[in-house]
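Below: the structure, in structure tokens.
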Amino acid sequence: MKLNVLRRIAMVTFMCLGVAVKGFSQYDVNKTTLKIDWQMNAPFSTNFADKLSGWGMNFELGYELTPRWEVGVFASYHTNHQYVGRQTLSLSPTESLTTDQQRSAFQIPFGVMGNYNLSTNRYVKPYVGVKAGTMFARYTTYFGSGGVYDKSWGFYVSPEIGVKIYPTGKKWGFHVAGYYSYATNKTQTLTFDVEGQNQAGFRLGVIF
């Protein structure tokens, strides 16, 4: 009885290895693309460092499964800043602080991505896509000679629409995209808490 079970396990294992080897043998490096984007980003509905900022980059490594479908992984980072003038802050029923503030929101989302090309034209490929994964966030409030910060992790999702432009019809080209993103991060700040982070922006970059 045990021998039959072992034989079945071995057969399934070898079948899985065979499928993996076959899939690897069909891998085409020419279908792999790397996108490197400069990123503009504007948080909203958080009231913390919610000014439009260009301090960000986006990186994507994709693979073309079919002429229309592309899957891969991504990672990006962004920092938003906001200056708040001098004011008196109530920290507790018995404590207050009079100071100005420099707020900084730093974020690193990463995970998987998928794009669907709306056209198979060699030169211009508009697409819709989505990114999903996790996000690390660090929100910092600087005041006086010090500051306070809080770090958190959350789920991240980001639909986007864009276009890939290939001037010569070859692998290299340009990338333009607009996106919306939402993360579930909860972060404590000096005077209030941020629960959930909505953002919108655009990306401009190159494709290799």
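Numerical summary
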| item | result |
| --- | --- |
| Residues (β-branched (Val, Ile, Thr) and farther than 22 Å from Glu60 by Cβ) located in the stretch 145-183 | Val148 |
| Every pair of residues 6+ apart whose Cβ atoms lie under 7 Å, when the first sits in the stretch 163-176 and is without any contact (Cβ under 8 Å) to a residue 12 or more places away in the chain while the second is exposed (fewer than 12 other Cβ atoms within 10 Å of the Cβ) and in a strand (DSSP E or B) | none |
| Residue in the stretch 141-149 that is assigned to a strand (DSSP E or B), without any contact (Cβ under 8 Å) to a residue 12 or more places away in the chain and out of contact with any strand residue (DSSP E or B) (no Cβ under 7 Å at 6 or more places or on another chain) present | yes |
| Selection from the stretch 28-53 of residues that are closer than 22 Å to Thr187 by Cβ and surrounded by fewer than 16 Cβ atoms within 10 Å (Cβ to Cβ) | Ala42, Phe44, Ser45, Asn47, Lys51, Leu52 |
| Yes/no for Ala183 being out of contact with any Ser or Thr (no Cβ under 8 Å at 6 or more places or on another chain), closer than 20 Å to Phe48 by Cα and modelled with pLDDT of 95 or more | yes |
| Odd one out for Leu190, checked against (1) more than 17 Å from Thr79 (Cβ to Cβ); (2) at pLDDT below 95; (3) assigned to a strand (DSSP E or B) | (3) |
| Enumeration of residues in the stretch 113-142 that are out of contact with any Asp or Glu (no Cβ under 7 Å at 6 or more places or on another chain) and within 24 Å of Asn47 (Cα to Cα) | Thr134, Met135, Phe136, Ala137, Arg138, Thr140, Thr141, Tyr142 |
| Any hit, the stretch 113-135, residues being charged (D, E, K, R), within 21 Å of Glu64 (Cβ to Cβ), crowded, with 16+ Cβ neighbours inside 10 Å and within 24 Å of the chain's Cα centre (by Cα) | yes |
| Selection count where residues are over 16 Å from Ala42 (Cβ atoms) and either open to solvent by 50 Å² or more (accessible area, probe 1.4 Å) or not hydroxyl-bearing (Ser, Thr, Tyr) (or both), scope the stretch 160-205 | 25 |
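The values are calculated or read from the model by the stated rules, or taken from the named source; none is laboratory data. Remember, predicted model here, so these are calculated numbers, not experimental data. Because the Cβ atoms are built from the backbone with ideal geometry, glycine has one as well, and the counts that use them run over all protein chains shown. Please note that ligands, DNA and RNA were not included when accessible areas were found on the heavy atoms of the full protein model with its side chains. Shrake-Rupley method; radii C 1.70, N 1.55, O 1.52, S 1.80 Å.
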